[in-house]
Amino acid sequence: MNRFIWLVRREIWEHKAIWVAPLIVLACLLLAVVTGNVHLGPFGASDPSAPFGALPQEKQVKLLLVVYLSLAFVMYLVMGVIGFFYALDSLYADRRDRSVLFWKSLPLSDAETVLSKFTIAVVVIPLVALIGSLLAQLIVAGGGSARLAMSGASGATMWQHDAIVDAVTAAFVASGTAMLWYAPLVAYLMLASAWAPKGPFLWAVLPPVALSVLERVVLGTSHVGDFIGARIKGPLRLLESGMQTGANGDTTLHLSQLDLAGGLRDFYSSPELWLGLVAAGLLLAAAMWVRRYRDDTI
């Protein structure tokens, strides 16, 4: 176990983008707050010139929730891109720089190496995204409080219980569900990384794209594309029950009306989740086998 922890720590040390990218996002956000470039304008108010503090409490909570969830979405999007390219390069990079020869000379099994990289992609990166989203929400809440206090309004407006609790809950749920739902995608990318002689991105992307196009041309159906889209969309389905469409056609998220417990129950009991985890295990086993017997050249 101690050896596995050191492998995980090595991955974090070597791939600085895992913690540098969220720090850059937080630094940009902090700079925007300090320079006054973060504006909480009226949201659904009849008077567009009305200040945020003059809005009714219900509209304040609505606006704050949208802002906090947007911050979490940006952070998870950034870390999702980091996780995609990390998994895609995780096993290919060792062959590209020939360091695989050094690591195979150590008393480390291929299973330990592959699982440590898999842990980074499905556990560490979502946790970093969670921490980053919470810090981003804290920065905006603190900056907004100071801005409101300087304008003579109550700084406590930014810390309204409903908005804070819903935003934090959404961030935790997103992190937990992402770890499980995207496990087969990460394992597939790692298998492509272990197999690809060159250009792992093309080896990972072209087969599903080619299958989708071929199915569309030959059969006139889109089952492959629908499957890929559903797997990517994944945990966002938990929010569908909290979406409301107004008379003007605008769609708004109401977490207060979201059956989170029911959504999580359906999510964790869905065959797609557990079949995906089985597929992730098989793909990881294949990645270990390929890494063991793959030619060390690229």
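In terms of the mean number of neighbouring beta-carbon atoms within 10 Å, the peptides 112-124, 11-23 order highest first as 112-124, 11-23. With neighbours defined as other Cβ atoms within 10 Å of a residue's Cβ, the residues Ser212, Ser193 order from fewest to most as Ser212, Ser193. Within the same chain, lysines fewer than 8 places from Lys117 are excluded, and of the rest, those with a Cα less than 24 Å from its Cα are Lys16, Lys104, Lys198, Lys233.
Values in this text are rule-based calculations from the coordinates and carry no lab data. None of these values were measured; they are calculated from a predicted model. For neighbour counting, all protein chains shown are included, and Cβ atoms are generated from backbone atoms with ideal geometry for every residue, glycine included.
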